[in-house]
Structure formats: structure tokens, C-alpha cells
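What follows is a short report on a single structure.
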């Protein structure tokens, strides 16, 4: 009898694993299991197997937007953006999912293709998605087009919607992070308005992680250093995409460095 008792804790552990891990895994939808399997293969360093699972997931579940987004974010294509965006466009045609529309629009915007970017970013469902996720990409859209006053109006409207409890816009600005404030600063600078006064609302260095301009500058520099040039762009030639992406970081880094140097 005592011998059986020795095995009891192990048996209970296996039952817990069965009902908390194995059974829920089988109950989850097939597309979710395939995404999880691909993620596991990536974690193990087997990118070829992960890619194969994602390709199969798209063929098996062509109406699930999640599989297209997973493919776009994690398929190891060695810098072939053209293939990724072709798959993403197929996904949007089948599902008209706003998250897929957002990724398409942001890619075209980064590529400097404003006409195609507007087809997705200015859709009402995509705008709602960006507001829900607190992504002010419409602001960048108008800024990059040189429509600075429109970009400023969009910025004010966007953050008032995101943070409606603030009584004044000035109070709202003082509560934002450097990541949230930088677009407004760039717009004011382009308009010839006093942007440094807005930057003064945040400390140069903060004890709170990512709370000051130096903290954000450090993040931008690290991200910039990790940039890997695309070998194939959205429309084939990667030159414009790579330049636009570098400009995004260089413009922000230069502005913050100049501000810190004069404070």
C-alpha cells in the first residue's frame, strides 16, 4: 500500500498537466494550435519548420485574419517584404480585417506610397482600430505628406479622444510620454512654432523608465542600430523603403540630441 502512495503525487501532477494544458490545447481552434506550434518552433530556433506551419495555416484557414497577421509578423523571409505584403493583401481581400488594413497602410506609409497608404489608413474601421490601440498613424500620414496643420489637428483630436478626462490640452501634453509627444514636437517645428516649450514639459532624464528625453533617445538609438535593410521592398526595389525607415529614426534622434545639447 505504501508503495502506491509514492506514485500518487506524480499521478496528480500528470492529471493537472492533462486538464490545464493538454485538454485546453485540443479544445482551442485549429488555427490557434498551428500559430502556437509555429511559435514553439521559432522558440526552438527551427525557422524552416515555423515557416512551413504558417504557410499551411494560411491555406487551411484562409478566412482567419490571425494567421495572416502571424505570417506577416513572424515569417522568416530573409528581408523579402514583397512576398509578405502580397500575402497580407490576399488576407485583406478575403477578410477585410482592420488590423490587416492597418499593417498594410503602415507599410505603404513607411514606403512613402501615400496613395496606397490612404486606401487603408483612412478607412473608418482602420481608424477605429488605431484609436482603440492608441496608434496615431494618421498624424504621421499627414506629417509625411507635408500637411502640417492637418497633422496638428489630427494629433489634438486623437489624444483628446484617447485621454478624454483631461480638462485642457496643455494638461494632457504634460502627461504624455516622449514616444507620444515626439510627433507633436516635430509638427510644431515644421510649422515654425515654439516646440522646445512643449519638450520642456518632460524631464531630460527621469527616474521612471522611458520617462525622459534621454531615455527615449537611448531607445531610438538601439532600435536604429538594429535596423536590417530589406533586400526586397514592398514593390520590389528596397531603396525607398530603407531610406524612409532610416529617416524616421534620424529625424527623431537629431531633434532630441539638439534639444538636450542646448539644455
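Quick note: the coordinates plus some simple rules give every number you see, no bench work behind them. From a predicted model like this one, the values you see are computed outputs, not experimental measurements. Virtual Cβ from ideal backbone geometry, glycine too; neighbours counted across all protein chains shown.
Rounded to the nearest 10 degrees, the angle from helix 65-74 to the longest Cα principal axis of the chain is 80 degrees. Each helix, a run of at least 4 DSSP H residues, gives -39500 (n - 2.57); summed and divided by the residues of the chain, these come to -22000 deg cm²/dmol at 222 nm.
Each pair of Cα atoms in the chain enters the Kirkwood radius, and Stokes-Einstein at 25 °C and 0.890 mPa s then converts it into a translational diffusion coefficient of 114 µm²/s. The listed peptides 132-142, 221-231, 244-254, 181-191, ordered by packing as a protection proxy, come out as 181-191, 132-142, 244-254, 221-231 (highest mean of other Cβ atoms within 10 Å first). Taking only the Cα atoms of the stretch 28-75, the ratio Rg/Rh comes out at 0.93, with Rh defined as the Kirkwood radius. Reducing the stretch 159-229 and the stretch 124-146 to their Cα centroids gives an inter-centroid distance of 17 Å.
Model label sites at residue 133 and residue 260, defined 7 Å from Cα along the beta-carbon direction, differ in position by 2.9 nm. Among 31, 213, sorting on how many other beta-carbon atoms sit within 10 Å of each Cβ, with the fewest leading, yields 31, 213. For residue 193 and residue 237, a Förster radius of 41 Å and the Cβ-Cβ distance give a FRET efficiency of 0.65, rounded to the nearest 0.05. Our Cα-only numbers for the stretch 203-263 put the radius of gyration and Dmax at 14.5, 45 Å.
Order of 40-47, 114-121 by packing, highest average Cβ count within 10 Å first? Before the final figure, lay out the partial values.
Details: 40-47: 13.1, 114-121: 17.1.
Going by the mean number of other Cβ atoms within 10 Å, highest first, we get 114-121, 40-47.
Between the helical axis of 81-95 and the longest alpha-carbon principal axis of the chain there is an angle of about 80 degrees. Extension gain for residue 214 to residue 161 (0.36 nm times residue separation, less C-alpha to C-alpha distance): 16.3 nm. The calculated Kirkwood hydrodynamic radius for the stretch 156-263 is 15.4 Å, given to one decimal from all distinct C-alpha pairs. Roughly how tilted is helix 30-43, in degrees to the nearest 10 and between 0 and 90, from the longest Cα axis of the chain? Around 80 degrees separate the two axes. Once the Cβ-Cβ distance of residue 49 and residue 123 is raised to the sixth power relative to R0 = 35 Å, the FRET efficiency obtained is 0.45.
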